[in-house]
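First up is the structure itself, then whatever we jot down about it.
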2 protein chains.
Amino acid sequence: MKRLALKFGGTSVGTIEKIQKVAQLLKKRHKESNEIIVIISAMSGTTNELIKKSKTISKNFNSEELDVLLSAGEQISASLLTGALIELGLKARSWLGWQIPILTDKNYTFSKIIKIKTNEISNFISKKGIAVIAGFQGLSSDNRITTLGRGGSDLSAVAIAKFFKTDSCEIFTDVEGVHTTDPSMHSKAKKIDKISYEEMLEMASLGAKVMQPISVQESMINDTPIHVKSTFSGKTGTIITSEDKIDYKKVVTGITFSRNDAKLTLVGVVDKPGVAANIFEPLGKNNINIDMVIQNISSDGKETDVTFTIKREDLSKTLKLTEKNKKKLNYKKIIHDDKVSKVSIIGAGMIANPGVTYKMFRSLANEKINILAISTSEIKISVLVQEDMTRKAVKALHKTFGLD
Amino acid sequence: MKRLALKFGGTSVGTIEKIQKVAQLLKKRHKESNEIIVIISAMSGTTNELIKKSKTISKNFNSEELDVLLSAGEQISASLLTGALIELGLKARSWLGWQIPILTDKNYTFSKIIKIKTNEISNFISKKGIAVIAGFQGLSSDNRITTLGRGGSDLSAVAIAKFFKTDSCEIFTDVEGVHTTDPSMHSKAKKIDKISYEEMLEMASLGAKVMQPISVQESMINDTPIHVKSTFSGKTGTIITSEDKIDYKKVVTGITFSRNDAKLTLVGVVDKPGVAANIFEPLGKNNINIDMVIQNISSDGKETDVTFTIKREDLSKTLKLTEKNKKKLNYKKIIHDDKVSKVSIIGAGMIANPGVTYKMFRSLANEKINILAISTSEIKISVLVQEDMTRKAVKALHKTFGLD
């Protein structure tokens with residue numbers, strides 16, 4: 001007897017027909033004498049439609065009420081799936097966040113799960129019932145509905161897997177799993193069978209859209225292995241687990257890219273202590289995230305150029321704030337470029353392989369791709385390149401690191 | 001300081017723009033130093049859309065899950081209205097059935113309200129907050145969502161008016177109030193200023209669609225006067241109250257009609273005790289409601305014709321059941337007619353005026369309208385006529401009883 005947490009994303013339950021297919025899939029899994037807890041997202045499109053309604057009323061819609069509104073999406077899909085299971089002759093029941101309850105803190109619209117009460121559902125699934133839990137939602141100590149933010153249903157699944165001590169946590173989605181790079185970018189992209197939490201965290205942060213970084217982080221903290229797979233293909237997907245359970249044959253596991261970066265250079269800044277702080281303080285205070293930073297040392301030691309990257313959407317705000325700050329910063333001019341993108345190689349194997357950096361740069365040089373900036377961590381190297389070089393860079397690195 | 005229960009129907013909150021208008025209306029009412037409890041229906045169309053989804057999955061969708069599904073409709077409208085109130089600078093909060101809670105029995109999809117906890121909301125409105133309550137929904141003792149059936153939001157409003165001891169209960173809808181007859185049927189229809197619970201109950205049961213009979217019954221039992229009015233016209237509507245608060249100047253208060261009737265006649269039934277029971281027992285067991293019944297006494301005392309009316313949608317089922325029963329009933333033939341309609345006059349004043357029946361029949365005779373069947377109660381007289389005579393009958397009676 002295995003206990004399973006199975007999570008279905010919005011595209012997997014996007015139509016009534018798909019909900020019925022998911023019910024069939026669950027019937028099959030249930031037959032294999034399993035205790036099943038299902039976590040379900042809102043039907044695709046529902047959440048965006050509700051958000052649109054709220055935005056029409058207020059650009060700054062009250063957070064508590066937004067959570068009441070948005071949680072209706074999972075309430076609808078959970079009851080529909082449960083009805084479909086009952087129609088197939090199965091014992092099934094839906095639970096909303098407040099009914100379990102899934103207790104969270106009071107950070108409405110981005111709450112964190114504190115505790116999940118398990119006795120009622122454990123009892124139900126031990127008696128052959130399939131429990132269907134509305135994802136994304138919880139209950140605050142004020143007896144009000146909370147939601148968990150973007151990718152919240154994955155967070156629900158990971159937390160449920162932890163509190164119910166399930167044998168596995170499967171995330172069903174509309175892709176086959178995690179790939180060595182985006183298949184729409186490079187036809188030679190291959191599905192990764194196993195990836196470590198840390199690698200997946202980097203992949204997710206750097207643009208692989210299969211899971212939100214915060215959910216990967218939670219599964220890492222709890223050491224809850226996740227199996228990401230396609231709902232309707234039936235194939236094995238990607239297992240996200242701890243590093244020690246993976247046999248590393250390759251130095252690099254995957255290649256990601258983002259295309260929403262912009263680069264700024266402050267030319268001729270007077271080189272004295274505190275200058276970086278002066279540049280970045282007003283940006284930080286305005287919620288602008290700085291990604292990469294390069295400071296060239298000037299030949300005469302008096303002036304320097306400071307280059308940094310930000311999200312493209314923050315460019316005009318950043319320019320305004322920096323120009324306003326010109327007197328204090330005392331730079332000569334600003335150069336900016338919003339046609340840049342960040343390409344990264346990720347792999348836990350690179351810790352033991354010091355030649356990776358060199359190999360990466362050589363591979364890009366051979367393709368005549370100019371590197372505009374570099375940032376590294378233990379298990380990833382990111383480079384900034386001209387946007388029109390992105391595909392070329394991804395393909396070259398995919399080949400260089402044996403992923404083709 | 002007055003305490004008000006204000007209920008808004010689905011058409012009153014059918015679009016975001018209308019929700020914003022309702023919020024404006026509430027702001028105005030709140031300024032008049034009132035404690036306000038709002039009861040809200042789902043945006044028009046939402047409930048039907050959700051029902052359609054459930055029907056695609058199962059013709060017999062699980063009741064408990066259907067309540068989870070349908071209650072999402074009022075959850076959405078309640079949170080949107082509350083957001084709109086907050087946007088106007090008002091203090092407001094939404095409450096779902098389970099949060100208050102509104103305790104009901106376990107008859108999922110048609111539950112009855114048992115008790116409403118009042119302290120949290122009373123405290124909130126006493127501190128200038130506007131409480132927005134999702135109508136139509138409650139909580140069973142199993143901690144599961146229940147709904148109150150058709151017209152359930154009106155039931156919520158009446159119960160809330162009772163438990164919160166409000167000074168008034170206003171039902172905002174898309175019509176100006178209750179009319180002497182359907183304005184789309186007769187241009188001389190007039191709005192009724194005051195009507196008794198009993199009259200309204202007959203009106204509602206006989207086809208006036210402003211309120212469901214069950215809600216009128218509840219308000220009658222609790223003696224909670226209801227003010228039905230148009231959301232956006234701002235005019236005074238119709239007050240439904242106890243008879244002793246009404247000064248009756250007219251014998252007849254209103255004229256209703258239904259057009260979904262069918263008539264059956266069993267010709268040549270052997271006239272002996274128990275024959276009526278034999279005819280109606282199989283129909284009753286199959287949930288077919290019998291409305292009017294006429295039994296003609298035969299000249300020789302051996303045979304009789306039995307005529308009765310049913311809902312038009314039940315006709316084919318009734319024919320089948322009655323034909324199956326032919327041997328036992330021993331009738332000669334069945335005649336049926338689904339082109340009939342029921343026209344009724346309603347008025348508490350007719351108790352003291354015995355000439356009403358005669359006056360009604362004479363009025364119809366003058367118009368050469370044939371009466372096919374008659375049924376009466378203390379405050380109403382119904383006649384069955386050919387469907388194409390409906391408008392003529394309504395107009396004649398409207399004039400005869402001084403309603404023009």
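The values are calculated or read from the model by the stated rules, or taken from the named source; none is laboratory data. In this text the structure is predicted, and so the values were computed from the model without any measurement. Virtual Cβ from ideal backbone geometry, glycine too; neighbours counted across all protein chains shown.
Points to keep in mind about this one:
- Enumeration of residues in segment A:131-140 that are out of contact with any Asp or Glu (no Cβ under 8 Å at 6 or more places or on another chain) and either surrounded by fewer than 17 Cβ atoms within 10 Å (Cβ to Cβ) or closer than 12 Å to A:A78 by Cα (or both): A:A131, A:V132, A:I133
- Whichever residue in segment A:248-268 is of a type in the set (A, V, I, L, M) and not in a strand (DSSP E or B) and, among such residues, is farthest from the chain's Cα centre (by Cα): A:V251
- Residue satisfying all of: in segment A:27-49; within 14 Å of another protein chain (Cβ to nearest Cβ) and among the aliphatic types (A, V, I, L, M); farthest from A:N123 (Cα to Cα) among these: A:M43
- Taking (1) within 12 Å of chain B (Cβ to nearest Cβ); (2) hydrophobic (A, V, I, L, M, F, W, C); (3) under 24 Å from the mean Cα position of the chain (by Cα) in turn, A:A92 satisfies each apart from (3).
- Within segment A:85-117, restricting attention to residues that are among the polar types (S, T, N, Q) and not in a loop (DSSP other than H, G, I, E, B), the residue that is surrounded by the most Cβ atoms within 10 Å (Cβ to Cβ) is A:S94.
- B:L81 fulfils the conditions (1) facing chain A (nearest Cβ under 7 Å); (2) within 23 Å of B:V38 (Cα to Cα) except for a single criterion, (1).
- Among the residues of segment A:270-327, the one identified as among the small types (G, A, S) and within 25 Å of the chain's Cα centre (by Cα) is A:G284.
- One residue stands out among those in segment B:50-78 that are more than 8 Å from chain A (Cβ to nearest Cβ) and among the aliphatic types (A, V, I, L, M): the one that is farthest from B:S156 (Cα to Cα), which is B:I51.
- Annotation note: of B:T166, B:T181, the sole residue that is more than 14 Å from chain A (Cβ to nearest Cβ), touching a residue at least 12 places away in the same chain (Cβ under 8 Å), surrounded by 23 or more Cβ atoms within 10 Å (Cβ to Cβ) and assigned to a loop (DSSP other than H, G, I, E, B) is B:T181.
- Test: residue in segment B:318-333 that is closer than 24 Å to B:K194 by Cβ and free of Cβ contacts under 8 Å to residues at least 60 places away in the same chain: no
- For segment A:293-341, filtering for residues that are surrounded by 14 or more Cβ atoms within 10 Å (Cβ to Cβ) and not polar (S, T, N, Q) leaves 21.
- Number of the exception - A:T147 against (1) within 13 Å of another protein chain (Cβ to nearest Cβ); (2) within 30 Å of A:K31 (Cβ to Cβ): (2)
- When residues of segment B:253-270 are limited to those that are touching a helix residue (DSSP H, G or I) at 6+ places or on another chain (Cβ under 9 Å) and of a type in the set (V, I, T), the one surrounded by the fewest Cβ atoms within 10 Å (Cβ to Cβ): B:V270
- Some residue of segment B:78-92 being under 30 Å from A:L85 (Cβ atoms) and modelled with pLDDT of 95 or more: yes
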